[in-house]
Structures are given as structure tokens and as C-alpha cells.
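Only one structure is covered here, and it is reproduced in the block below.
The values are calculated or read from the model by the stated rules, or taken from the named source; none is laboratory data. Please read all numbers here as calculations on a predicted model, not as lab measurements. Accessible surface areas use protein heavy atoms only, side chains included; no ligands, DNA or RNA. Shrake-Rupley method; radii C 1.70, N 1.55, O 1.52, S 1.80 Å.
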Amino acid sequence: DTVPEPQVAKKKLENGLNVAIVTNREVPMLTMVLGIRSGSWTERKPGVAAMAMSMLAQGAKNRNAKQMAEILESNAISLAGSASMDTASISGSALVDKADLAMELLADMARNPVFPKEEYNIQSSQTLVGLAISTKTPEYLADREFRRRIYGDHPYARTETGEVSDVRAIKVDDMKEWFAANVRPDNCTLYLAGDISSDAGFAIVEKYLGDWNADGELNLPSLPTLPEINETRILLYDRPGSEQSQIRVGHVSIGRTAPAYSKAAVMSSILGGSFNSRLNKAIRVD
């Protein structure tokens, strides 16, 4: 069977913002994603990008944290920022009759972040509590050691949130600096999908983001070269008291832009990358 290709209407605004719209009339909903072509590897201090993006729902220039939470909840709008190693995004959804308000809120987050100190202290404390728990688990320790052995000093060796010491070192100015350098129209693509025509979609984007302009030239760092490992290594990390062993096997492979990436991802899931994989079936069932 052939996989249906969605019809995508594309446009580039004068400020450099790419816009892609997919019309789907099945339900009266609209999903929106402001994709940012900068992730955690672009930060100077570990954890800054993830912390900055998580702070966006905690208030912007035109609304404080309480006002933002109230307007999101009372209008059934979901909107939040996040960062992965390679990209960051502001994602959300809303009923079509709230699309205008949702886009206004998204634009406020992207254009007018304030990173209030009080809210940052709360967000930082929550992150530290989560790390205090997760960093003690064998899963986390296995993943951390695997990353470090595979990537060495490369940014990919760390997590998006950073370690406990990294989070404690983050300052509000660090977040402002990273955000200003990376979250700008010429480094973003806005995706709209749902019950909206391409003309209406382009119009609402132009209304709230058409006059969003970046300061200066876009100057992004270059991704460091990945280390080469040409030998098989077996490494043991002792965690006394563990009831089970955590095993990681792997190596540096192809990137997302490689032609075979999608096929490789599917193959990996079938062989051992999911609960229904052949490896899990052999271990857990057979």
C-alpha cells in the first residue's frame, strides 16, 4: 500500500520565517509548532536551552505566569516550549475558534520572553528534584555512561537538562542570551495543521509574526566532529544493590538527513528498539 502524502502549503515571510500549513478538516482543531533549528548542543552552558524553553509558559511581556496559566486553561489551549539535543520548539493545540488567541500567545512567548526570577527559582527547584531521583536509577546511569563513552567531549555526551551541578550554575542571563541568539524568525519554521485553509493560516501567521524581526546576522556555531571509535569495548559500571542489569550496545551511526534514516529507524524498532521488538520477545516471552 502507498502512504498518502499530505498536501503542504509553504511560504517564506519577508523576515525569513518559513511557514508550512496542512489542512485537515476531520476535527475542528488546530495544532501549531514553532520549530527552532537550534538545540541543546548550541548552548555554552549545559541545560540552558531546555530551561529557557520550559520557562516560556511561565510568563511573557504581556502576561505573567498566573495570567498565562488562567488564559490557557479557560480557553482549552495547550502551549509549551521544549528543547531536544538538535532542535527546540513551542508546541500547542486549540479549537479552531481559539486559533487567533493561541497564535497570539505563541507569538508572545517567542517574541517577548521575560524569564521572571521567581518563576525560574521554582522551575529550577523542580528540575533539581527530578534529577535527584532519576540520576540514582540504573537506567539513567547506564544511559549516561553509554553517551559519555560513545561521544566523549562532544555535546551529544550530555543530556538536554544537564546534570545537577549544571542546573545550579544556570543564570537568567544565560537563558536570555541563548534565546536571543537562536529564537528568531530566520532560524524557525512554523507548522500549522488542522481545520484551517492555507490562506487563513498564512493570514494569522502574518498578523502575529509578520513584523517579528531579528537583530543582526544569524550566527550559529558549527557542530563539532563526532569522535571515531574503531574498536569493540566492553565496559562495566557497578551499582551495588541493583536487582537487574542494564545493557547498552551501540555505536555512532547515520544522522537524520541520511537517505536511509527512516528505514533504519523502523528496522531498529523491529529488532530491538521497542517493547514489541524481536529482542524483547525473545527475552521476555520465549
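For the range 22-134, the calculated P(r) over all alpha carbon pairs, in 10 Å bins from 0 to the bin holding the longest distance, is 13, 41, 33, 11, 1 percent.
In the chain, the calculated helix contribution to ellipticity at 222 nm averages -10500 deg cm²/dmol per residue, counting -39,500 (n - 2.57) for every DSSP H run with n ≥ 4.
Expressed as a whole percent, the proportion of Cα-Cα pairs in the range 238-286 lying more than 13 Å apart is 69%. Note on I150: accessible area approximately 20 square angstrom, rounded to 10, probe 1.4 Å, nucleic acids and ligands left out.
Would you mind checking K12/K117; K66/K136; K61/K98; K12/K66 for any pair whose Cα atoms are more than 24 angstrom apart? Over 24 Å apart, Cα to Cα: K12/K117; K66/K136; K12/K66.
With Rh defined as the Kirkwood radius, the inverse of the mean 1/r over Cα pairs, the Rg/Rh of the range 77-180 is 1.04. Kindly provide log₁₀ I(q)/I(0) values, in the same order as q = 0.15 Å⁻¹, from the Debye equation applied to equal alpha-carbon scatterers of the chain. The Debye formula, applied to the Cα set alone, gives -1.30. Each Cα pair of the range 13-77 feeds into the Kirkwood radius, which the Stokes-Einstein equation turns, at 25 °C and 0.890 mPa s, into a diffusion coefficient of 163 µm²/s. Multiplying each eigenvalue of the alpha-carbon gyration tensor of the range 80-130 by 5 and taking the square root yields semi-axes of 25, 14, 11 Å, largest first, rounded to whole angstroms.
Please report the base-10 log of the normalised intensity I(q)/I(0) for the range 118-268, using a Debye sum with one equal scatterer per alpha carbon and no solvent, at each q in 0.10, 0.13, 0.17 (1/Å). So the normalised log intensities are -0.64, -1.00, -1.25. Taken per residue, the accessible surface of the range 1-112 reaches 49 Å², heavy atoms only and a 1.4 Å probe. Surface composition of the range 180-259: carbon plus sulfur atoms contribute 48% of the solvent-accessible area (1.4 Å probe, protein chains only, all chains present). Over all projection directions, the Cα-based convex hull of the range 198-286 averages an area of 13.2 nm². Centre-to-centre, using Cα atoms only, the range 248-286 and the range 1-54 are separated by 26 Å. Taking every protein chain into account, the accessible area of the range 126-217 amounts to 49 square angstrom per residue (probe 1.4 Å).
Normalised by 2.2 N^0.38 Å, where N counts its residues, the alpha-carbon radius of gyration of the range 123-193 equals 1.39.
Note on the chain: with a GNM built from Cα contacts shorter than 10 Å, the maximum mean-square fluctuation among A214, A203, A193 falls on A203. Relative contact order for the chain: what is it in percent, counting Cα pairs under 8 Å that are at least 6 residues apart? Taking the mean separation of contacting Cα pairs over the length of the chain, I get 28 percent.
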